[in-house]
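The structure appears below as structure tokens.
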Amino acid sequence: MLTRVSETELPISVVIATLGGHALFNTVEILNSGQRIPAEILICIPQAEVRNVEYLATIKNVNVITTAGRGQVAQRAVGLEAAKCDYVLQCDDDVILPSHTMHALLNFLVVKGRHNVVAPFFKIHPGGQDSTIYSGNLRDFFRDCYFTLVCGAAFGRQRFGRIASAGIGFGVIRNDMGSRVVESEWLPGGVALCHRSDLITYNYYPFSGKAVSEDLIHSLLWRDQGCRLWTMLDESAMVDVSTESYTWEGVMGRYRAHTYVAKLMGAGVLRTRLWFSSYCLLNLRKIFSDNFCKSKISQMPHER
């Protein structure tokens, strides 16, 4: 279905799942800052949180869609179903995506045709450092050994852009890359553009709570239906790197998600268990602090 858009619009539906955090307005503002803006921006938010985004409803190309429950994948699925344009961009609510980058992604996808998905290279906000860096020094060598022996990843530079048998993904790198576009086994979920006909519009995340590694699952499902995944190395988006949670809920959420990815790959769970054991040992102090110490503080009597 070809969507009619004006000369100032890009034939793109942007779908953002959110709880209405403070970064959302900046994300929408930057999406709408170019000479050509997306035809529609669908803000998918639980009914209980809709008051957080009422201020966005006055923007011409913004449509607020309420969902029955919380959950990034479930909320986004509602928006993907409602998308009207031929090209659909899923976008996190804290991503800085310049309009020229969105336009470049669109041009690439128009040329490649259906059964292709494209994403920009990610940099870290606010400093602008590459999100994935590899120097090839001695420290990287020991990391190479760890990721290969424990996680089952390919050795050295060969692991980047691939998913290890432990169910852990490694982002692409720009170091010494000769091509401006690279194909990979998975794409980070912060920004990804595809044809409307290639959308996965159901809630594929099998767990409750914060979605961990949902982008790995999404990428595997895309590849299962014949899609190729691409990253444009000379087009970038900025993302905030949030502090990792070491509460039991967060730690176990990572384990169950990586285990699920490993099973989807048919790799078994031995490598995932090896990774998880080493992960807990390496972060034992943080896990202890986030759980035992905070629990003790909460049990102390409060001054009145």
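General remarks:
- Scanning the range 52-70 for residues that are open to solvent by 20 Å² or more (accessible area, probe 1.4 Å) and in contact (Cβ under 8 Å) with a residue 24 or more places away in the chain, we see that the one that is nearest to Asn203 (Cα to Cα) is Arg70.
- Qualifying residue in the range 53-61 (condition: at pLDDT below 95, part of a helix (DSSP H, G or I) and in contact with a Gly (Cβ under 8 Å, 6 or more places away or on another chain)): yes
- Enumerated helices (runs of 4 or more DSSP H) restricted to the range 228-292, each holding at least 2 residues that are touching a residue at least 40 places away in the same chain (Cβ under 8 Å) and open to solvent by 70 Å² or more (accessible area, probe 1.4 Å): 248-264, 270-282
- Number of the condition not met by Trp222 [criteria: (1) in a strand (DSSP E or B); (2) within 12 Å of Val117 (Cβ to Cβ); (3) not acidic (Asp, Glu)]: (1)
- Output for the range 229-266, where each listed residue is of a type in the set (Phe, Trp, Tyr) and over 30 Å from Pro98 (Cβ atoms): Tyr246, Trp248, Tyr255, Tyr260
- Val110 being within 17 Å of Thr201 (Cβ to Cβ), modelled with pLDDT of 95 or more, part of a helix (DSSP H, G or I) and of a type in the set (Val, Ile, Thr): no
- Checked against the criterion of being open to solvent by less than 70 Å² (accessible area, probe 1.4 Å), part of a loop (DSSP other than H, G, I, E, B) and modelled with pLDDT of 95 or more, the candidates Cys145, Cys85, Cys44 yield just one match: Cys85.
- Checked against (1) open to solvent by 20 Å² or more (accessible area, probe 1.4 Å); (2) in a helix (DSSP H, G or I); (3) more than 24 Å from Tyr204 (Cβ to Cβ), Ala74 passes all but a single condition, namely (3).
Okay, residues lined up against (1) over 22 Å from Val239 (Cβ atoms); (2) buried (at least 19 other Cβ atoms within 10 Å of the Cβ); (3) free of Cβ contacts under 8 Å to residues at least 60 places away in the same chain:
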{"position": "Leu97", "(1), (2), (3)": "no, yes, no"}
{"position": "His103", "(1), (2), (3)": "no, no, no"}
{"position": "Arg114", "(1), (2), (3)": "yes, no, no"}
{"position": "Ala119", "(1), (2), (3)": "no, yes, no"}
{"position": "Phe122", "(1), (2), (3)": "no, yes, no"}
{"position": "Thr132", "(1), (2), (3)": "no, no, yes"}
{"position": "Asp140", "(1), (2), (3)": "yes, no, yes"}
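- Annotation for the range 201-216: no member residue is open to solvent by 30 Å² or more (accessible area, probe 1.4 Å) and over 20 Å from the mean Cα position of the chain (by Cα).
The values are calculated or read from the model by the stated rules, or taken from the named source; none is laboratory data. The structure presented is a predicted model; accordingly, all values stated were derived computationally and were not measured. Neighbour counts run over all protein chains shown; Cβ positions are idealised from the backbone, glycine included. Just the protein is used for accessible areas: all its heavy atoms, side chains included, with ligands, DNA and RNA removed. Shrake-Rupley method; radii C 1.70, N 1.55, O 1.52, S 1.80 Å.
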